[in-house]
1. Which of (1) at pLDDT 85 or above; (2) surrounded by fewer than 16 Cβ atoms within 10 Å (Cβ to Cβ); (3) part of a helix (DSSP H, G or I) is the odd one out, the single condition residue 120 does not satisfy?
2. Looking at 2, 81, 46, can you tell me which residue is under 16 Å from the mean Cα position of the chain (by Cα) and not in a helix (DSSP H, G or I)?
3. Test residue 65 against the criterion of being more than 19 Å from residue 26 (Cα to Cα), in contact with a helix residue (DSSP H, G or I) (Cβ under 8 Å, 6 or more places away or on another chain) and modelled with pLDDT of 85 or more, and give yes or no.
4. Can you find even one residue in segment 65-77 that is touching a strand residue (DSSP E or B) at 6+ places or on another chain (Cβ under 8 Å), surrounded by 15 or more Cβ atoms within 10 Å (Cβ to Cβ) and part of a loop (DSSP other than H, G, I, E, B)?
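The values are calculated or read from the model by the stated rules, or taken from the named source; none is laboratory data. Quick caveat: nothing in here was measured; it's all calculated off a predicted structure. Please note: Cβ atoms are built from the backbone with ideal geometry, for glycine as well, and neighbour counts cover all protein chains shown.
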């Protein structure tokens with residue numbers, strides 16, 4: 001089974017609150033932890049990673065916290081997964097070429113790379129706003145093969 005980590009799932013939850021929450025748009029890790037019921041250390045770790053990736057802005061000072069760096073329509077699910085988990089790939093060789101000793105003789109490596117590319121492309125087409133507002137996901141176009 002292919003699964004995203006709990007950290008990425010929580011990251012999406014935190015982003016949804018940042019995108020829809022009341023107030024100035026700047027939220028503290030403590031406030032987000034309280035709102036979501038997630039442990040503060042996990043929330044802090046996720047927020048820092050999302051800020052390093054340019055998805056969030058970090059605001060210092062007494063009224064500091066985090067806010068979205070872009071509109072929710074401009075942040076894709078793929079952006080979040082890359083920020084929190086690294087490159088998207090169905091197999092190790094599809095996300096990190098050269099990582100497998102069998103790569104040079106593997107008869108299906110190219111197919112796994114194609115599938116991984118299709119998954120990445122689809123995740124890039126899903127903005128966070130689609131998850132927040134329950135909008136329909138983009139349709140997958142069949143190549144007819």
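1. So residue 120 meets the others, but not (2).
2. Numbers: 81 fails: not in a helix (DSSP H, G or I); 46 fails: not in a helix (DSSP H, G or I).
Result of the check over 2, 81, 46: 2.
3. Values: more than 19 Å from residue 26 (Cα to Cα): no; in contact with a helix residue (DSSP H, G or I) (Cβ under 8 Å, 6 or more places away or on another chain): yes; modelled with pLDDT of 85 or more: yes.
No: the conditions fail for residue 65.
4. yes
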